Amino acid sequence: MQRGLFMCPAVSIALLLALAAAPAFSADSPSSATLSLADRVVMASQLYSAVQMYFGHWKGVPALDLDKEYGRYVQQVIASDSRRDFDLASMEFLAALQNGHSGFSDKWLRDEFGQMLGFYAYPIDAEWVVTRSSLAELPVGEAIAAMNDEPFDAFYQRNAKYISASDERWRRRSFFEKTFLFPPSFTVTLKSGRKVSVTRKGAFQWPGAEVRSNETSQRDGVSILRIPAFMPSSFESSAVDFLKTLGPVKALILDLRGNHGGSTPDSLVAALMDRPYRWKAESTAATIAVLRAWGMLGSHAELSWSSDPQPPSHPLYTGPLYILVDGGCFSACEDLLVPFKDNHRAVIIGERTGGSTGQSYSHNFGNGMGFSVSTKRESFPDGAPFEGVGVAPDIEVHTSAADLKTGNDPVLAKALDLIAHATAGNRK
């Protein structure tokens, strides 16, 4: 890390002039489409300073030249007073950290340019496949070949630099959540050659915001609990309440596919854990000024600690447990998985998870803008890397575009098949 506020020679004069002209951040109106030079520079400087002070993932970007990235960022900031341009430049700067929990956001950008697409897609078998849709012309399972006659992957590549992610899988997976990167109206060409016109409409919603409660069902004596998120906390408390009333069942299936996280569900883990368990090992940036001055700390020194085994504490369910996951299981969803993966309390089925979690330092500029910098890097309890890797299922089951078209769910089917065989074996 650098000490103090670094200024690239090419931009230092402009920075000093801006700061001298307006020493205090003036917080332009949240509805303004432009920003003063002084405010742009002050906010950019605060972002850079926060990365130096708080970022905990230097191991993930060993070749990153932060000063060079900052110099490029400030050149962009000085060049335009457009708020949209500032937002995108800030997103690009923080995306260079290659961390899924470090990023920039602006409510104004979402309000002005974040209208909903009406559908969602991500790569399946090297094709961009529609996975959710409210548009009859774009049914689930269709593959997208082009956007406005440009190959769709080329359109993605032009915009990928704005997406904060710890690996390419999550960057692609979350692309359709950044609706402000898409034109207001556009034409998509499907793999079949059919063209569909799309006009974005409807206020921006965070992914999964339309789902407000858990879903429960039973099939052949197996209880299925689907938890779409862990924010707000009512999702976790509702799941725990469900377990309190759960009668005798052959097995419990916990469906966490598409769960983008929220707050780590400690209570739910405790309610399902029947044996000693460990959380992740963790590390954070260590900055002690006098030790750095004495040359006793490296440029990116860390404090690290591991998790001691915790005994089970009054579990509510101790029977067979199966957890369904995919690449949309992210953050707190993955926090839940790690103890079960580590001690084999559950059988995890599906696809590798998103691969990012951590405690972020967040700052609100007071004008609708804000940013987060992840302060904590987490590993598996045995020290194996987690960030950018994710949790691998015990049994990998892939959902194809054909499955989406027909409504087939091979992941759930595999869990039910395993339970049926286990139940039949127990009868012998």
Practice task
For residues that are of a type in the set (Gly, Ala, Ser) and under 24 Å from Arg352 (Cα atoms), scanning just region 117-139, find the one that is surrounded by the fewest Cβ atoms within 10 Å (Cβ to Cβ).
Solution key: Ala126
Handout entry: Selection status of Ala38, of a type in the set (A, V, I, L, M), in a loop (DSSP other than H, G, I, E, B) and free of Cβ contacts under 8 Å to residues at least 40 places away in the same chain
Key = no
Fill in the blank from the handout: Note on region 160-204: residues within 17 Å of the chain's Cα centre (by Cα), assigned to a loop (DSSP other than H, G, I, E, B) and either among the polar types (S, T, N, Q) or on the phi > 0 side of the Ramachandran plot (or both) are Ser164, Ser166, Ser174
Practice task
Give the residue, chosen from Gly390, Gly350, Gly358, that is under 22 Å from the mean Cα position of the chain (by Cα), crowded, with 18+ Cβ neighbours inside 10 Å and at pLDDT below 95.
Solution key: Gly358
Exercise for the section: Taking only region 262-279 into account, find how many residues are closer than 21 Å to Ser233 by Cβ, modelled with pLDDT of 95 or more and not hydroxyl-bearing (Ser, Thr, Tyr). Expected result: 9
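Only one of Ala146, Ala121 is touching a strand residue (DSSP E or B) at 6+ places or on another chain (Cβ under 7 Å), over 29 Å from Glu334 (Cα atoms), outside any loop (DSSP other than H, G, I, E, B) and aliphatic (A, V, I, L, M); which?
Ala146
Yes or no, residue by residue, for (1) of a type in the set (Phe, Trp, Tyr); (2) assigned to a loop (DSSP other than H, G, I, E, B); (3) out of contact with any Ser or Thr (no Cβ under 7 Å at 6 or more places or on another chain):
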position	(1), (2), (3)
Glu334	no, no, no
Val338	no, no, yes
Lys341	no, no, yes
Arg345	no, yes, yes
Ile349	no, no, yes
Gly354	no, yes, yes
Ser362	no, no, no
Ser372	no, no, no
Arg377	no, no, no
Fill in the blank from the handout: Reported set for region 104-137 where residues are charged (D, E, K, R) and more than 30 Å from Phe371 (Cβ to Cβ) is Asp125, Glu127, Glu137
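Results for (1) among the acidic types (Asp, Glu); (2) in contact with a Pro (Cβ under 6 Å, 6 or more places away or on another chain); (3) closer than 19 Å to Gly261 by Cβ, shown as yes or no for each residue.
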site	(1), (2), (3)
Ser133	no, no, no
Tyr156	no, no, no
Glu177	yes, yes, yes
Leu181	no, no, no
Glu215	yes, no, yes
Ile224	no, no, no
Handout entry: Qualifying positions in region 41-76 - of a type in the set (Asp, Glu) and touching a residue at least 12 places away in the same chain (Cβ under 8 Å)
Key = Asp67, Glu69
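Taking into account only those residues within region 205-240 that are among the β-branched types (Val, Ile, Thr) and in a strand (DSSP E or B), which is nearest to Asp111 (Cα to Cα)? Can you show your working first?
Taking region 205-240 as the starting set, the residues that turn out to be among the β-branched types (Val, Ile, Thr) are 211, 216, 222, 224, 227, 240.
Filter once more, so that each one left must be in a strand (DSSP E or B): 216, 222, 224.
Working: Thr216: 34, Val222: 43, Ile224: 37 Å.
Result: Thr216.
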Exercise for the section: Would you mind stating whether Ser185 is farther than 28 Å from Asn408 by Cα, outside the structural domain of Phe330 (by TED's automatic domain parsing), of a type outside the set (D, E, K, R) and touching a helix residue (DSSP H, G or I) at 6+ places or on another chain (Cβ under 7 Å)? Expected result: no
Problem - Inter-residue pairs, beta-carbon under 8 Å, first farther than 18 Å from Leu337 by Cα and in region 235-260, second among the hydrophobic types (A, V, I, L, M, F, W, C) and modelled with pLDDT of 95 or more, 6+ apart - result: Phe242/Leu225; Lys244/Leu316; Leu246/Leu252; Leu246/Leu316; Val249/Val222; Lys250/Val222; Lys250/Ile419
Problem - Those residues of region 56-76 which are buried (at least 18 other Cβ atoms within 10 Å of the Cβ), of a type in the set (A, V, I, L, M, F, W, C) and either within 26 Å of the chain's Cα centre (by Cα) or assigned to a loop (DSSP other than H, G, I, E, B) (or both), in sequence order - result: Trp58, Leu66
Exercise for the section: Return yes or no: is Gly118 among the small types (Gly, Ala, Ser), in contact with a Leu (Cβ under 8 Å, 6 or more places away or on another chain) and under 30 Å from Thr406 (Cα atoms)? Expected result: yes
Problem - Boolean, Ser356 is in contact with a Lys or Arg (Cβ under 8 Å, 6 or more places away or on another chain) and either hydroxyl-bearing (Ser, Thr, Tyr) or in contact (Cβ under 8 Å) with a residue 40 or more places away in the chain (or both) - result: no
Practice task
Take region 291-332 and flag every residue that is under 21 Å from Tyr277 (Cβ atoms), in contact with a strand residue (DSSP E or B) (Cβ under 9 Å, 6 or more places away or on another chain) and either among the charged types (D, E, K, R) or not in a loop (DSSP other than H, G, I, E, B) (or both).
Solution key: Ser304, Trp305, Gln310, Leu321, Tyr322, Ile323, Leu324, Val325, Ala332
Handout entry: Total residues in region 32-46, condition surrounded by fewer than 22 Cβ atoms within 10 Å (Cβ to Cβ), within 15 Å of Gln75 (Cβ to Cβ) and in contact with a helix residue (DSSP H, G or I) (Cβ under 7 Å, 6 or more places away or on another chain)
Key = 1
Problem - Residues that are part of a loop (DSSP other than H, G, I, E, B), of a type in the set (A, V, I, L, M) and buried (at least 22 other Cβ atoms within 10 Å of the Cβ), drawn from region 91-116 - result: Leu97
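The values are calculated or read from the model by the stated rules, or taken from the named source; none is laboratory data. Since the structure is predicted, the reported quantities are computational estimates derived from the model, not experimental observations. With ideal geometry, Cβ positions are generated from the backbone for all residues, glycine too; neighbour counts draw on all protein chains shown.
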